[in-house]
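Single-structure report; data block below.
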Amino acid sequence: MINKKGSHVGIVLSFVIFVTFLMFFYLMVKPAMETESKRTTLNNLKGDIIEMASEEMTKVSIFVNSHPSQPCAILLGFFDIGIRNKILVLDEDGESVTVTKNDEDLYLDRELADDTFFKIYGSEEFSEIDERPINPCVDGGYELGLVKNTTEVFETKIIEIIEKHEDDYQELKQDLDVPAANEFGLNFTYANGESVSTTDASTRASVFAEEFPVKYVTDEGGIEVGVLRVKVW
């Protein structure tokens, strides 16, 4: 006679052993799975933050004719090239130059009449220049040099990301596609050594971090290299 009771006990025991094995296997591989998930999140986050902190910028070099007595110069029709009125102008020493506009003309209030070379940077991250003519000012003629469109990381946008981390963290996580199970923080060190960072909650979880150099555009239109540190836990 078949012992049905014994067979039933054996099936239950086998099932318990199988479930126990699955639980043990899961507990063994869980740390590795979590580690790989955090590393993947960190790698994706680095690229997404750089993309979010980037903006298009137009670079224009110009050569302005000198004038014997009048430093101010009018660049007639300058804005016809398609650049908007959110610009910064630097002289050949990298110093900021006061500029205004009137219709499509750019007014350049240079320090000296024999200053002839300037770099103009246009981006939505810059402030609009005043719309008013400068008097007296002369049309001495100018030549456009290289006009180049690039995508740059901006100091202002890095700060915006850090501020949003403080003010609306959950929305920023969604914008950056950070998994709900992960958290992240940032630290940005300027070229001069000063730094700004997010305020992160203390955690006992393993923290994965990586830092890398970032070339960025300053508020004054300069190009400098800082360090961005991203961490995930």
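FYI, it's all coordinate maths here, none of it is from the lab. Nothing here was measured: the structure is a model prediction, and the numbers come from that model. As a convention, Cβ positions derive from the backbone with ideal geometry for all residues, glycine included, and neighbour counts pool all protein chains shown.
Antiparallel versus total DSSP beta bridges in the chain: what percent is that, nearest 5?
Values: 51 of 56 bridges.
About 90 percent, rounded to the nearest 5.
Could you tell me which of rounded, prolate or oblate describes region 133-180, using a ≥ b ≥ c as the square roots of the eigenvalues of the alpha-carbon gyration tensor, with rounded for a/c under 1.5 and, failing that, prolate when a/b is larger than b/c and oblate otherwise? Show your work: numbers first, answer last.
Values: a/c = 6.38, a/b = 2.69, b/c = 2.37.
Prolate is the answer for region 133-180, as a/c is 1.5 or above and a/b outweighs b/c.
Starting from the 7 Å offset along Cα-to-Cβ, what nm value, one decimal, do you get for the label separation of Arg39 and Asn102?
Reported label-point gap for Arg39 and Asn102 is 6.4 nm.
Which value in deg cm²/dmol, rounded to the nearest 500, describes the helix-derived mean residue ellipticity at 222 nm for the chain, given -39,500 (n - 2.57) per DSSP H run of n ≥ 4 and division by the residue count? Intermediate results must be reported in sequence, preceding the final value.
On the way: 3 runs with 69 residues, N = 233.
After summing the helix terms and dividing by residue count, I get -10500 deg cm²/dmol.
Using label points projected 7 Å from each Cα along Cα→Cβ, tell me how many nm separate Glu224 and Ala180, to one decimal.
Placing both labels 7 Å along Cα→Cβ, they lie 4.1 nm apart.
For a footprinting-style exposure proxy, rank Lys157, Lys148 by other Cβ within 10 Å, fewest first. Each step should come with its number before you reach the end.
Details: Lys157 18, Lys148 10.
Going from sparsest to densest Cβ surroundings: Lys148, Lys157.
How high is the relative contact order of the chain, in percent, with contacts defined as C-alpha pairs under 8 Å that are six or more residues apart?
Details: 401 pairs, mean separation 51.6, N = 233.
This gives 22 percent for the chain.
If you take every residue apart from Asn65 with its C-beta less than 14 Å away from the C-beta of Asn65, what net charge results, scoring Lys and Arg +1 and Asp and Glu -1? Intermediate results must be reported in sequence, preceding the final value.
Numbers: positive: Arg110; negative: Asp114, Asp115, Asp139, Glu143.
Net charge in that neighbourhood comes out at -3.
Working from Cα positions, state the angle (0 to 90°, nearest 10) between the long axis of helix 4-52 and the longest principal axis of the chain.
Roughly 10 degrees, rounded to the nearest 10.
Given 0.36 nm per residue, what is the gain on full extension from Leu76 to Val138 after removing their alpha carbon distance, in nm?
Working: separation 62, 0.36 × 62 = 22.32 nm, distance 1.01 nm.
Here the answer is 21.3 nm.
Just to check, using Stokes-Einstein with a Kirkwood Rh over alpha carbon pairs, what's the diffusion coefficient of the chain at 10 °C and 1.306 mPa s in µm²/s?
Result for D is 72 µm²/s.
Counting other C-beta atoms within 10 Å, which of Leu146, Leu42, Leu106 has the fewest, and how do the rest follow?
Numbers: Leu146 9, Leu42 19, Leu106 23.
Ordered by Cβ neighbours within 10 Å, fewest first: Leu146, Leu42, Leu106.
Which ordering of Val99, Val232 is given by a fewest-first count of other beta-carbon atoms within 10 Å? Present the calculation step by step, with values, prior to reporting the outcome.
Working: Val99 21, Val232 25.
Neighbour counts put them in this order, fewest first: Val99, Val232.
How far, in degrees from 0 to 90, does helix 155-167 lean away from the longest principal axis of the Cα atoms of the chain, to the nearest 10?
Compared with the principal axis, the helix lies near 40 degrees.
Please report how many Lys pairs in region 56-151 have alpha carbons closer than 12 angstrom, counting only residues at least 8 apart along the chain or sitting on separate chains.
4
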